[in-house]
Structure formats: C-alpha cells, structure tokens
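Undergrad: Dumping the structure here so I can ask a few things about it.
The values are calculated or read from the model by the stated rules, or taken from the named source; none is laboratory data. Since the structure is predicted, the reported quantities are computational estimates derived from the model, not experimental observations. Neighbour counts run over all protein chains shown; Cβ positions are idealised from the backbone, glycine included. We work out accessible area using only protein heavy atoms, side chains counted, and drop any ligands, DNA or RNA first. Shrake-Rupley method; radii C 1.70, N 1.55, O 1.52, S 1.80 Å.
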Amino acid sequence: MNNIKDSILVIEDENYILKVLDTLLSADGYRVICAQSASAAKSIITSHMPDLILLDLGLPDMDGIQLLKDLRKWSKVPVIVVSARQMEKDKVAALDEGADDYISKPFSAPELLARIRAVMRRNSINNGSSEKYQVGDFLIDFDRHVVSVKGVPIKLTQVEYRIVELIARQPGKVLTYSYIINNIWGPYADAENNRILRVNMSNIRKKIESDSMAPKYILTEIGVGYRMAEQ
Ligand code: CA
C-alpha cells in the first residue's frame with residue numbers, strides 16, 4: 001500500500017532496536033535512514049528531508065522532546081515518538097510539542113506499521129488533495145506535484161518543486177529568504193543556503209518564465225524575499 005519512495009528517519013541510540021526497525025521498515029518498502037543521536041538527526045533532517053520520523057525520547061545528547069520542540073519551529077514532517085517511557089506525561093508532552101502519534105516499547109510490528117500508514121495518510125490529506133494554483137499559463141497541481149506552463153510539464157528537482165510549492169501556497173505574500181531557507185533546509189542550514197536558494201530560484205525561473213530576467217510568476221522583493229503572483 002505504501003509508496004515505495006517514502007523515507008523514514010529512525011532516531012534511536014540502541015543498536016539492536018535500530019536494526020530491528022531498519023529491517024522491519026525496509027521489508028515493508030520504506031527507505032530507511034538511521035541516526036543514533038540528536039545532532040546526527042539534525043543534519044540528516046536538513047540533508048535528506050525524510051517523509052516521516054520515528055523518534056526515541058531517550059537520546060544520549062538531547063532529550064527527544066527537546067529535539068521535537070526544535071524541529072516543530074520549522075518543520076511539519078510527521079513524527080511518531082517511540083519510547084520505552086510509558087508515563088502519561090511523556091506522551092502528553094510529545095503530543096503537545098507536535099508529535100503526530102506515540103507508541104510505547106515493546107510494540108508489535110503490525111501495530112507500528114499501521115500507525116505509520118495512518119500518520120502518512122493523515123498528513124497527505126492535510127496537505128490538500130486536488131488543489132491547484134494557476135496564474136496565466138502557469139499551473140501547479142499540488143496533489144500530483146506537477147508544474148506546467150502552457151500545458152507542458154516542467155521538470156523540476158525535488159528542492160526546486162518544494163520552493164515553488166512553498167511560495168505558491170501563499171500567493172501574494174512575501175516570503176523572506178530566511179523563512180524559505182528555514183522551511184526548505186531547516187534552521188541548521190548555514191549561510192551558504194542563501195546562495196543555494198538564489199541558484200535554485202535562477203534555475204526555476206529559467207524553466208518556468210518566458211523571460212527569466214523579467215519574471216511574471218515568482219517575483220523578487222529586492223533584499224526581502226520572493227512573492228508568488230496572485231491568482
Ligand atoms: Ca534510547
């Protein structure tokens with residue numbers, strides 16, 4: 001049932017549990033990425049943009065709740081907290097801080113897989129189905145992740161598409177460079193990403209605009225950020 005391309009970041013410091021989860025999730029068709037500390041997780045979240053995170057609360061370098069709190073400042077990636085802790089207050093704290101679900105160790109494999117499918121499904125519904133953005137000849141089908149100009153699909157990289165979608169979700173609103181960078185690469189991204197954003201935008205414009213020096217769809221607010229033309 002699940003999309004084979006969906007990736008799951010497992011943040012867990014215990015080798016044995018990490019191996020069990022890796023084997024289980026890989027067998028179910030997910031792409032699995034592993035992190036054994038909060039610091040490793042942070043850079044992986046920034047570089048790999050996982051579709052879902054399984055988060056152990058007891059990590060060696062940071063409390064899992066704190067990591068979740070930091071993550072929620074910039075990312076809506078679904079998070080399922082997996083922990084040996086069975087105390088009610090930890091569940092509440094995790095959910096209050098934006099966890100999508102909670103599962104206690106020891107858990108059954110079918111139960112965990114069912115929770116993951118449910119969270120993925122909810123998240124894709126929340127992202128809106130059959131929603132579209134259109135201005136002039138430019139069309140974005142958010143549901144299908146397809147961008148087209150005059151009916152011709154445009155091939156964007158994953159990052160380019162995410163930038164276009166982020167801006168197009170709030171047409172007419174100026175999104176600052178740092179807002180976009182935080183949303184696409186996360187707050188752990190360094191200053192280098194400012195340049196990377198500009199390079200990506202330049203490539204996007206070459207692909208979607210008839211004159212990339214005089215853009216009609218994604219407009220520049222000099223020194224501030226970008227703004228999508230209003231529908
Ligand atoms: Ca642990």
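Undergrad: Here is a list: 53, 80, 33, 45. Which entry is of a type in the set (Val, Ile, Thr) and open to solvent by 20 Å² or more (accessible area, probe 1.4 Å)?
TA: None of the others qualify; the one that does is 33.
Undergrad: Moving to a separate point now. Collect the residues in the range 56-77 that are open to solvent by 30 Å² or more (accessible area, probe 1.4 Å) and either among the polar types (S, T, N, Q) or within 17 Å of residue 6 (Cβ to Cβ) (or both), keeping them in residue-number order.
TA: Across the range 56-77, the qualifying residues are 66, 76.
Undergrad: Go through the range 23-73 and count every residue that is more than 12 Å from the ligand (Cβ to nearest atom) and part of a loop (DSSP other than H, G, I, E, B).
TA: Final tally of qualifying residues: 7.
Undergrad: Against the condition surrounded by fewer than 12 Cβ atoms within 10 Å (Cβ to Cβ), closer than 30 Å to residue 39 by Cβ and among the acidic types (Asp, Glu), how does residue 192 come out, does it pass?
TA: It is true that residue 192 is surrounded by fewer than 12 Cβ atoms within 10 Å (Cβ to Cβ), closer than 30 Å to residue 39 by Cβ and among the acidic types (Asp, Glu).
Undergrad: Still on this model: Please work out if residue 105 is of a type in the set (D, E, K, R) and within 16 Å of the ligand (Cβ to nearest atom).
TA: yes
Undergrad: Taking into account only those residues within the range 115-132 that are modelled with pLDDT under 90 and open to solvent by less than 70 Å² (accessible area, probe 1.4 Å), which is farthest from residue 156 (Cα to Cα)?
TA: Top of the filtered list is 115.
Undergrad: Given the criteria within 16 Å of the ligand (Cβ to nearest atom) and either touching a helix residue (DSSP H, G or I) at 6+ places or on another chain (Cβ under 8 Å) or closer than 18 Å to residue 187 by Cβ (or both), does residue 80 qualify?
TA: So residue 80 passes the test.
Undergrad: Do you know which of the residues in the range 5-16 that are within 16 Å of the ligand (Cβ to nearest atom) and outside any helix (DSSP H, G or I) is farthest from residue 52 (Cα to Cα)?
TA: Filtering first and then ranking leaves 14.
Undergrad: Sticking with this one: Name the pairs whose Cβ atoms lie under 8 Å apart, with the first residue in the range 53-81 and over 22 Å from residue 113 (Cβ atoms), the second among the β-branched types (Val, Ile, Thr) and within 16 Å of the ligand (Cβ to nearest atom), and 6 or more positions between them or separate chains?
TA: 59/11; 67/11; 71/53; 71/79
Undergrad: Tell me, which residue of the range 179-209 that is among the hydroxyl-bearing types (Ser, Thr, Tyr) and touching a residue at least 24 places away in the same chain (Cβ under 8 Å) is nearest to residue 41 (Cα to Cα)?
TA: This residue is 188.
Undergrad: Now, a different point. If only one of 89, 19 is at pLDDT 95 or above, surrounded by fewer than 17 Cβ atoms within 10 Å (Cβ to Cβ) and part of a helix (DSSP H, G or I), which one is it?
TA: 19
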